[in-house]
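Since the structure comes first, as structure tokens, the remarks are kept for the end.
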Amino acid sequence: MDEAVRDYIDGINQANRPLFDRVHQLILAAYPDVAVVISYQIPTYRVGRRRLHVGAWQHGVSIYGWPQGSEAGFVARHPALRTSKGTIRLRPQDAADVSDDELLELVHGALNGLACPMRRARA
């Protein structure tokens, strides 16, 4: 992992670190060959030309960068977490209501450009 990414992660507030680590580990498990770099001053996960940005802030974690519309199922289930076009703001207190499968839906939407295969199977 890039030293700048490691420094960013090491500097995350301990109250938000478990949530960031959860998202980070889900991405690494789903995409073992993902490149993790700093872009826009936050960790960015790259698979080919696709990108997903995950930043830790005072409120918790924000997730950006999927093709518009691929997050529709997630937003329908958790409308309060979408704060602007293309931004999901996840606070630690919200995280218990969001499953790993749902987080992976966002990840797959960004890094595959498709809806999560698990979501299609449930439809």
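Structure summary
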{"quantity": "Odd one out for S84 among (1) at pLDDT 90 or above; (2) farther than 17 Å from L26 by Cβ; (3) of a type in the set (G, A, S)", "calculated": "(1)"}
{"quantity": "Strands (runs of 3 or more DSSP E) within the range 18-103 that include 2 or more residues buried (at least 19 other Cβ atoms within 10 Å of the Cβ) and touching a Lys or Arg at 6+ places or on another chain (Cβ under 9 Å)", "calculated": "42-47, 50-56, 61-64"}
{"quantity": "Cβ-Cβ under 8 Å pairs, at least 6 apart or on other chains, the range 27-50 side in contact (Cβ under 8 Å) with a residue 60 or more places away in the chain, far side polar (S, T, N, Q) and assigned to a loop (DSSP other than H, G, I, E, B)", "calculated": "V47/N112; R50/N112"}
{"quantity": "Tabulated pairs, the range 74-95, first over 20 Å from F20 (Cα atoms), second of a type outside the set (K, R) and at pLDDT 90 or above, C-beta under 7 angstrom, 6+ apart or interchain", "calculated": "R77/E102"}
{"quantity": "Residue list for the range 43-58, filter: of a type in the set (A, V, I, L, M) and under 12 Å from the mean Cα position of the chain (by Cα)", "calculated": "L52, V54, A56"}
{"quantity": "Given (1) buried (at least 16 other Cβ atoms within 10 Å of the Cβ); (2) assigned to a helix (DSSP H, G or I), number of the condition A4 does not satisfy", "calculated": "(1)"}
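The values are calculated or read from the model by the stated rules, or taken from the named source; none is laboratory data. Predicted, not measured: the structure shown is a model, and the values here were computed from it. Reconstructed Cβ throughout: ideal geometry from the backbone, glycine too, with neighbour counts over all protein chains shown.
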